[in-house]
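Asker: My structure is below; once you've seen it, I'll send some questions.
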Amino acid sequence: MLNGIEDYNTRITLGKSRELEIIDFLTSKGMKIELPTTHQDIHEKIDGFFLPRAGGRISFQLKQRESGDDIIFELIKDWDRNIEGRDMKSHADLYVVVDRTGKLNIISTKEIKAKAKELLALADANPNDQQGDNWQLKFVKDLAHGQVKLMCFFKTSMFKAIASYKIPDYNH
């Protein structure tokens with residue numbers, strides 16, 4: 001639920017607006033960014049591309065947190081039908097996460113997925129909520145669609161940040 005908004009389409013629209021605010025902030029830091037095509041956004045779960053001075057493109061997925069300072073990662077979208085979650089399906093190279101205080105971290109998606117795969121094996125062996133020192137596996141009913149999802153919450157400190165910033169006056 002985004003700011004108490006339960007309607008799925010309203011949450012998506014508001015989330016996209018906030019993504020653009022964060023992209024504007026990164027651009028203000030001198031980063032060149034290209035927005036994805038609709039296909040890349042919907043099917044590849046890519047929210048943008050960093051365009052390094054050396055050339056090429058580095059894809060990223062962007063998340064902003066309202067109720068926690070962790071990384072929220074969808075492993076399984078529908079547990080009963082074993083449908084892979086959006087974050088596991090993502091083709092993004094980097095994961096950009098902004099916590100509720102405006103701290104932004106850029107982390108390798110490959111590292112997050114490697115740990116997520118380890119935890120998915122734990123959930124397959126024991127399909128219950130579980131917790132470790134720096135992570136929590138949680139089965140959650142999707143309010144928009146009704147299926148049971150498997151989510152993982154990682155402490156950001158588990159992963160080495162490629163870059164970190166503080167967004168001034170961030171109040172989301």
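Here, each number is a calculation from the coordinates, and none is a lab measurement. Quantities reported herein were computed from a predicted structural model and do not represent experimental measurements. Virtual Cβ from ideal backbone geometry, glycine too; neighbours counted across all protein chains shown.
Asker: Between 0 and 90 degrees, rounded to the nearest ten: what's the tilt of helix 109-125 against the longest Cα principal axis of the chain?
Answerer: 10 degrees
Asker: May I pose another question? When a/c reaches 1.5 or more, the comparison of a/b and b/c decides; with that in mind, is the chain rounded, prolate or oblate per its Cα gyration tensor? Spell out each step's value before the answer.
Answerer: On the way: a/c = 1.55, a/b = 1.43, b/c = 1.09.
The shape class here is prolate.
Asker: Give the shape of the range 60-100 as rounded, prolate or oblate, defined through the alpha-carbon gyration tensor: a ≥ b ≥ c are the square roots of its eigenvalues, a/c under 1.5 means rounded, and otherwise the shape is prolate if a/b is larger than b/c and oblate if not. Working shown, then result.
Answerer: On the way: a/c = 4.07, a/b = 1.53, b/c = 2.67.
The shape class here is oblate.
Asker: Let me have the relative contact order for the range 15-54, percent, based on Cα pairs under 8 Å that are six or more residues apart. Let's see the in-between values first.
Answerer: Values: 26 pairs, mean separation 14.0, N = 40.
Once divided by the residue count of the range 15-54, the mean separation gives 35 percent.
Asker: Taking Cα pairs under 8 Å and at least six residues apart, what relative contact order does the chain come out at, in percent?
Answerer: Numbers: 295 pairs, mean separation 36.0, N = 172.
Computed value for the chain: 21 percent relative contact order.
Asker: May I ask for the net charge around residue 80, where only other residues with Cβ less than 12 Å from the Cβ of residue 80 are counted and Lys, Arg are +1 while Asp, Glu are -1? Can you show the working numbers first?
Answerer: Values: positive: 77, 81, 141, 149; negative: 78, 142.
That works out to +2.
Asker: Considering only DSSP beta bridges whose two residues both sit in the chain, what percent are antiparallel, to the nearest 5? Mind showing how you got there, number by number?
Answerer: Numbers: 33 of 38 bridges.
Restricted to the chain, the bridges split so that about 85 percent are antiparallel.
Asker: Using the crude model of +1 on Lys and Arg Cβ and -1 on Asp and Glu Cβ, and no other charge, please compute the dipole size for the chain relative to its Cα centre, in debye to 20.
Answerer: On the way: 26 positive and 26 negative charges, 94 e Å.
Charge dipole, the chain, about its Cα centre: 460 debye, nearest 20.
Asker: As I understand it, the dipole of the chain uses +1 on the Cβ of Lys and Arg and -1 on the Cβ of Asp and Glu, about the Cα centre. Which of 31, 150, 83 lies farthest toward its positive end?
Answerer: The listed residue farthest towards the positive side: 31.
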